[in-house]
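The values are calculated or read from the model by the stated rules, or taken from the named source; none is laboratory data. Since we're looking at a predicted model, the values are computed, not measured. Note that each Cβ is placed from the backbone with ideal geometry, even for glycine, and that neighbours are counted across all protein chains shown. Heavy atoms of the whole protein, side chains included, go into the accessibility calculation; ligands, DNA and RNA do not. Shrake-Rupley method; radii C 1.70, N 1.55, O 1.52, S 1.80 Å.
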Amino acid sequence: MASLSLKHIYKIYPNGFEAVKDFNLEVEDKEFIIFVGPSGCGKSTTLRMIAGLEDISDGEFLIDGKIMNDVEPKDRDIAMVFQNYALYPHMSVKENMAFGLKLRKTPKHEVNKKVGDASVILDLEDLLERKPAALSGGQRQRVAMGRAIVREPKVFLMDEPLSNLDAKLRVQMRAEISALHQRLGATIIYVTHDQTEAMTLGTRIVVMKDGIVQQVASPRELYNNPDNLFVAGFIGSPQMNFVNAECRADGEDVYLDFDLHTIKLPGKKAAAMKEKGYIGKKVIMGIRPERIFESEMELSVHQDTQIQVKINGYELLGSEALLYFSLLNEKPGEVDRQFSDDAYGNIKKVQWTAKVDANTSARYGSTITVALDPNRIHIFDKDTEQAIVH
């Protein structure tokens, strides 16, 4: 397989639009790298530049130390799996998988061996004589992957390969792609807008927004320690809760005040806020839905971070339930006063989400007490949106 290096890569179109800006990434041999972000963030454009389907406006792209900027796509030893499968409808599964090898004038016995080996890996042995029209979506996707595998390329590029499949098939294919990566020891770069795919497949994830890399990290690091407000809100489902807050000190203790509520920060977070000069300043507080508790045991443990809330919605997910709620203010006559800026600077009412045990008794209209896990509170600078403490 291969290692890749992207150094200060830019993609600038003739009209001046910068689709990708100063992209830097080192991909080690056998890594599974995920490009993730909202539509229009530049992830597919970057993938196409790696494949040679888009010209690189500036910067250097290297495979195994060799500059590839001006190398033709066919000479880069890269195989690509597309969203729409791109199978030839008049060819059988076997012919589709063998087509690229035949163009390269590979000997027939070698073609048969490679197609046979790939069909075993992908469980296509009984489908080799079928045409694409007689296959399910998942089977077609496996054929497209088989066509890439038989070439034994240095790098596999996958551009949203599962987006046309239903939810059940996506789960199945995610498992198959992950197992395939382990068996082949392949270097894979995979583009998706689905952060669940990103979290379950990648060894490292590249989060992009507006053509700019926001953070590169392992799934666990990305989830627990997002670098900024965008990454924190994009990674995780349901997304992290955010609220405007003000940092206040009272002696040795440090508090976050928000919407007439206040919570005490634990020692390390308190020390960090003091050290970085945020006492008396406005910040953005974030906490993930699963770190909001309503059980009696958790409430007894987290007495310094309890708030009263009113349930606005309830969704049962099987073993878990989602509670949607707004904050109840402590002063009479000021209910529903709470407001917060969203990520775009607009004013909106704060709506929180908690992920709790399915046996919860909370339902629509209930007023309950919940507690926030103080050790899992994220705090962001209100102006730069960069993380202050994780």
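Placing a label point 7 Å from the Cα of Lys102 along the Cα-to-Cβ direction, the residues of the range 145-159 with a backbone N closer than 19 Å are 145-152. Of the chymotrypsin sites (Phe, Trp or Tyr not before Pro) in the range 216-316, not one is in a loop by DSSP (not H, G, I, E or B) with at most 14 other beta carbons within 10 Å. Work out the FRET efficiency for Asn312 and Ser136 from their Cβ-Cβ distance, taking R0 = 41 Å, and round it to the nearest 0.05. The value I calculate is 0.50. Among the chymotrypsin sites (Phe, Trp or Tyr not before Pro) in the range 53-157, those placed in a DSSP loop whose Cβ has at most 16 other Cβ atoms within 10 Å are Phe82. Computed about its Cα centre, the charge dipole of the range 1-115 is approximately 740 debye, with only Lys, Arg, Asp and Glu carrying charge at their Cβ.
Helical runs assigned H by DSSP (4 residues or longer) give the chain a calculated mean residue ellipticity at 222 nm of -7500 deg cm²/dmol, each run adding -39500 (n - 2.57) before division by the residue total. Putting +1 on Lys and Arg Cβ atoms and -1 on Asp and Glu Cβ atoms, find which of Val207, Pro266, Val243 reaches farthest to the positive end of the dipole of the chain. The listed residue farthest towards the positive side: Val207. State which entries of Lys276/Lys310; Lys74/Lys105; Lys21/Lys269 exceed 26 angstrom in Cα-Cα distance in the structure shown. From the list (Lys276/Lys310; Lys74/Lys105; Lys21/Lys269), the Cα-Cα distance tops 26 Å for Lys276/Lys310; Lys21/Lys269. Cross-link pairs exceeding 26 Å in C-alpha to C-alpha distance, out of Lys268/Lys382; Lys30/Lys268; Lys131/Lys168, comprise Lys30/Lys268.
Take the Cα of Glu290, step 7 Å toward its Cβ, do the same at His390, and the gap between the two points is 1.6 nm. Once the Cβ-Cβ distance of Asp126 and Ser178 is raised to the sixth power relative to R0 = 25 Å, the FRET efficiency obtained is 0.60. In the chain, the sites counted are trypsin sites (Lys or Arg not before Pro) in DSSP loop states with at most 11 other Cβ atoms within 10 Å, and the longest stretch holding none of them, exclusive of the sites, is 106-390. Segment Leu322..Ala271, full-extension length gain: 15.1 nm, with 0.36 nm per residue of separation and the alpha-carbon distance subtracted. Accessible surface for the chain, divided over its residues, is 48 Å² per residue with a 1.4 Å probe. For Ser163 and Leu62, the difference between the fully extended length at 0.36 nm per residue and the C-alpha to C-alpha distance is 33.4 nm. Please identify which residues in the range 360-387 have an amide N closer than 20 Å to a label point set 7 Å out from the Cα of Ile212, following the Cα→Cβ vector. Residues 379-387 qualify, since their backbone N sits under 20 Å from the label point. The GluC sites (Glu not before Pro) found in the range 182-277 that occupy coil by DSSP, while having at most 15 further C-beta atoms within 10 Å, are Glu252. The amide H of Val191, built 1.01 Å from its N in the peptide plane, has Phe35, Met158, Asp159, Glu160 as neighbours under 5 Å, considering only residues 5 or more places off or on other chains. Antiparallel beta bridges, as assigned by DSSP with both residues in the range 143-266, represent about 75 percent of the total such bridges. Set the Förster distance to 51 Å, then compute FRET efficiency between Asp257 and Glu26 from the Cβ-Cβ distance, nearest 0.05. That gives a FRET efficiency of 0.75. Which stretch or stretches of the range 59-79 have amide N atoms under 20 Å from the point lying 7 Å from Glu18's Cα along the Cα→Cβ direction? Counting backbone N atoms under 20 Å from the label point, the list is 59-61.
When only the Cβ of Lys, Arg, Asp and Glu is charged (+1, +1, -1, -1), the dipole of the range 82-226 relative to its Cα centre reaches about 480 debye. Here's the picture: charge each Lys and Arg Cβ at +1 and each Asp and Glu Cβ at -1 in the range 39-148, and of Leu135, Gly146, Ile63 the one pushed furthest to the positive end of that dipole is Leu135.
Close amide-amide hydrogen proximity is noted between Ser366 and Ile311, each under 5 Å apart and 5 or more residues distant or on a separate chain (H modeled in the peptide plane; Pro and chain starts excluded).
Scan (i) 23.6; (ii) 22.4; (iii) 18.4 for the value of mean projected area of the Cα convex hull in nm² calculated from this model and give just the label. Derived directly from the coordinates: (i).
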